[in-house]
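Step one of this worksheet: look at the structure below.
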2 protein chains.
Amino acid sequence: MPRKRSIIAAAPMAEILKQAGAERVSEKAAQALAAVVKNFAFEVSKDAVKFAKHAGRKTVKREDIDLARKEF
Amino acid sequence: MPRKRSIIAAAPMAEILKQAGAERVSEKAAQALAAVVKNFAFEVSKDAVKFAKHAGRKTVKREDIDLARKEF
């Protein structure tokens, strides 16, 4: 997955950290959060795809995401 | 938090879903995943900020993210 590292950028992660109360955020912290978030999104996605296929659909729908999020 | 909904866009979420095996992704599914991911990032961030403050720092560092991710 060549784009794995860049799908979620560090800048919005730094912004979320500031919304959560951070005064300052190191660049490596923002990058680390982006990686954590990407992995989480991928895990939820795998479940959502599984649920869509189980329902006989080729399209992942909102209900698949809603079900997948409950697994986490 | 006026930018809450737009910090993580739907397009990269659709891409992650396709990396996870989705053939097609509805727009609402991508938006729902973005919201789930944003909430997750915010929860991890709150813990990371807490750990940074506990360590007497104003800057959130990578080690705070690493510790926070283990809570989830």
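The values are calculated or read from the model by the stated rules, or taken from the named source; none is laboratory data. Since the model is a prediction, treat every value here as computed from it, not as a measurement. Positions of Cβ are backbone-derived with ideal geometry, glycine not excepted, and every protein chain shown enters the neighbour counts. Remember, those area values only see protein heavy atoms, side chains included, never the ligands or the DNA or RNA. Shrake-Rupley method; radii C 1.70, N 1.55, O 1.52, S 1.80 Å.
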#### Entry: Selection within the range A:22-51 - facing chain B (nearest Cβ under 7 Å) and under 18 Å from B:Lys50 (Cα atoms)
A:Ala22, A:Glu23, A:Arg24, A:Val25, A:Ser26, A:Lys28, A:Ala29, A:Ala32, A:Leu33, A:Val36
### Query
Which pairs do you get when a residue that is modelled with pLDDT under 95 and part of a helix (DSSP H, G or I), found in the range B:24-46, comes within reach of a residue that is acidic (Asp, Glu) and open to solvent by less than 10 Å² (accessible area, probe 1.4 Å), reach meaning Cβ atoms under 9 angstrom, with the pair 6+ apart or on two chains?
none
### Task
Could you grab me the full set of residues in the range B:11-21 that are of a type in the set (Gly, Ala, Ser) and either open to solvent by 30 Å² or more (accessible area, probe 1.4 Å) or at the interface with chain A (Cβ under 7 Å from one of its Cβ atoms) (or both)?
B:Ala11, B:Ala20, B:Gly21
### Task
Could you tell me which numbered condition B:Gln31 fails, if it satisfies all but one of (1) open to solvent by 80 Å² or more (accessible area, probe 1.4 Å); (2) under 24 Å from A:Val25 (Cβ atoms); (3) not charged (D, E, K, R)?
(2)
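For the range B:52-72, which residues satisfy the criterion of being part of a loop (DSSP other than H, G, I, E, B) and at the interface with another protein chain (Cβ under 7 Å from one of its Cβ atoms)? Steps first, answer last, please.
Looking only at the range B:52-72, we keep the residues that are part of a loop (DSSP other than H, G, I, E, B), and these are B:55-58, B:61, B:70-72.
Listed by number, the residues that qualify are B:Lys58, B:Lys61.
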